[in-house]
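What follows is a set of notes on a single structure, which appears directly below.
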Amino acid sequence: MASFFGGVHPKGYKALSCEAPIEPLSPKTVSIAMSQHIGRPCTPLVKIGDRVTVGQKIGDGEGLCVPVHASVSGKVVAVEARPTPSGTEGMCVVIENDGENTLCPDLRKRESIDGLTGEELTAIIREAGITGMGGAGFPTNVKISSGLGKVDTVIVNGAECEPYITSDDRLMRESPERIAGGIRIIQKILEPKRTAVGVENNKPEAIASMRKALPEDVELLALRVRYPQGAEKQLIQTVTGRRVPPGGLPAAVGCAVFNVATCAAIYDAVFEGMPLVRRAVTVTGKAIARPGNFLAPIGTLYADLIEAAGGFRCEPYKILCGGPMMGIAQHSLACGTIKGNNALTCFSQEDNHEVRTPHCIRCGKCIDACPMRLMPLQMHRACQREDLDALNRLNVMDCIECGSCAYTCPAGIHLVQSFRTAKKLLRDAKAKEAGK
């Protein structure tokens, strides 16, 4: 195996929740966002007063879009703008759970994939609303279709390198056969020459469980622990030695990467006929009374997740959708979980290390830590000046927002937030130019 440039070694804090089995939840209501993926948001297909069943399609759209489905059975009580994990409001379908878990009659189980073509399997994946569940939220059917004829290596991401998060670890321990089944489906569609599963070696139980479930033609690689090992481009470099070029996609170097939870969802869609309606979520942090892992219906409110974890043991300092490196700070517990939401991390005041007046001392640690070989210091200064030409020259759009630079910064500068702002400036400028 090769290695990637940069990276950091933050303390893991995984012991808080790694021994907690995935516990199913049945919330009283769910708030299901119509925008849960990269691309166009869905248009609601239901109205207030409608009765819905688990797996019923409640939103869809054209173009770069995949549908969303009801995660509980019950009554639609609202179709309106509600808080979402992005920090903004978005259109949501709110369902009052009747507790009966009535399945949609259109769901169809399969015993075998023999006789199904790659196109038919990809269509099933699309109709199941499956997106990348490692964070990016890119529609999986589009990733698969764009890799046809280009991909010779499929990599399954079980690294779960970000501190605190253990939902994928528990999934690999408890449901390895679903992951293996999803891998088999991906192999049938893409016909790769090589398939490998990468898991960081601080998860020995997950490695042992996966080893028993995987077929002989799938490699299981125990990876050295280093963040951001699980980032798509870094994982490709570790497994294959290939480097994705600036601005390029994994298919440019013959690779396709799928998260273990995505593979499990593919299995559920094809064999069980079940769309992506629930996912494992870690609820953790020093402010949580009983950190754990929960099988949450999509749209489960953050308030309900926290209640399931025993509530707060102290006043939280900050609550993140995701982990401490890449998570997004939340201002409302009325947000519902989305497909790419693998954790809710709740910090106490003892985790508050903010600097009141951050000032760069030009130490260069951020440059050494950047796994994309970018220049965080210069990117930050260009963003402050709103110098779009400089931001383009510095390839700010290649930033994966892993937070390695901010973690190493002795001044405590909010570098990742700066780069997110920079990307928005560039996207807005491009949209304005296209509108002329």
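The values are calculated or read from the model by the stated rules, or taken from the named source; none is laboratory data. Worth saying up front: this structure is predicted, and the values here are computed from it rather than measured. Cβ sites come from the backbone with ideal geometry, for glycine too, and all protein chains shown count toward neighbours. The accessibility values were calculated without ligands, DNA or RNA, using every heavy atom of the protein model including side chains. Shrake-Rupley method; radii C 1.70, N 1.55, O 1.52, S 1.80 Å.
See the values below:
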| quantity | calculated |
| --- | --- |
| Largest-first principal axis extents, alpha carbons of the range 259-324, Å | 44, 21, 16 |
| For residue 317, residues with placed amide H under 5 Å, excluding near neighbours | 347, 348, 349 |
| Karplus 3J(HN,Hα) series, Hz, for the range 81-97 with 6.51 cos²θ - 1.76 cosθ + 1.60 (x for Gly, Pro) | 6, 9, x, 10, x, 5, x, 10, 8, x, 5, 9, 9, 9, 10, 8, 5 |
| Sulfur and carbon atoms: percent of accessible area, the range 330-436 [1.4 Å] | 50 |
| Apportionment of accessible area to carbon and sulfur, the range 39-158, percent (1.4 Å) | 50 |
| Highest to lowest packing among 151-163, 210-222, scored as the average C-beta count within 10 Å | 151-163, 210-222 |
| Non-local Lys pairs in the range 30-152, i.e. 8 or more apart or on different chains, that have alpha carbons under 17 Å apart | 4 |
| Relative contact order (%) - criterion: Cα under 8 Å, at least six apart; region: the chain | 19 |
| Cα extents of the range 132-241 along the three principal axes, largest first (Å) | 36, 27, 25 |
| Euclidean distance between Cα centres, the range 195-221 to the range 4-33, Å | 20 |
| Computed over the range 308-421, Kirkwood Rh from alpha-carbon pairs, angstrom | 15.7 |
| Ranked packing of 249-257, 273-281, most packed first, by mean Cβ within 10 Å | 273-281, 249-257 |
| Length gained when the stretch residue 47-residue 397 is fully extended (0.36 nm per residue, less Cα-Cα span) | 122.1 nm |
| Reachable lysines, given that their alpha-carbon falls under 16 Å from the alpha-carbon of residue 424 and they are not under 8 places away in the same chain | 432 |
| Net charge of neighbours whose Cβ lies under 11 Å from the Cβ of residue 252, counting Lys and Arg as +1 and Asp and Glu as -1 | +4 |
| Expected 222 nm ellipticity per residue - DSSP helices of 4 or more, -39500 (n - 2.57), all of the chain, to 500 | -8000 deg cm²/dmol |
| Using a Förster distance of 30 Å, the FRET efficiency for residue 329-residue 120 (Cβ separation, nearest 0.05) | 0.10 |
| Rounded accessible area per residue of the chain, 1.4 Å, Å² | 44 |
| Overall form of the range 1-63 per C-alpha gyration tensor (a/c, 1.5; a/b vs b/c) | oblate |
| Filter on 212/286; 318/423; 14/193; 11/193 - keep pairs with C-alpha separation over 28 Å | 212/286; 14/193; 11/193 |
| Packing-based ranking, highest mean first, of 349-362, 386-399, 172-185, 321-334 given that Cβ atoms within 10 Å are counted | 172-185, 321-334, 386-399, 349-362 |
| For the range 32-43, 3J(HN,Hα) per residue [Karplus equation, 6.51 cos²θ - 1.76 cosθ + 1.60, θ = phi - 60°, Hz, x = Gly/Pro] | 9, 5, 7, 10, 10, 8, 5, x, 6, x, 6, 9 |
| Shape call, the range 63-103: gyration tensor on alpha carbons, a/c limit 1.5 | oblate |
| Cα→Cβ-extended label distance, 7 Å offset, between residue 427 and residue 62, nm | 2.3 |
| Sulfur and carbon atoms: percent of accessible area, the range 159-216 [1.4 Å] | 45 |
| Residue-by-residue Karplus 3J(HN,Hα) for the range 326-334, coefficients 6.51, -1.76, 1.60, Hz, glycine and proline x | 10, x, 10, 5, 10, 10, 9, 8, 8 |
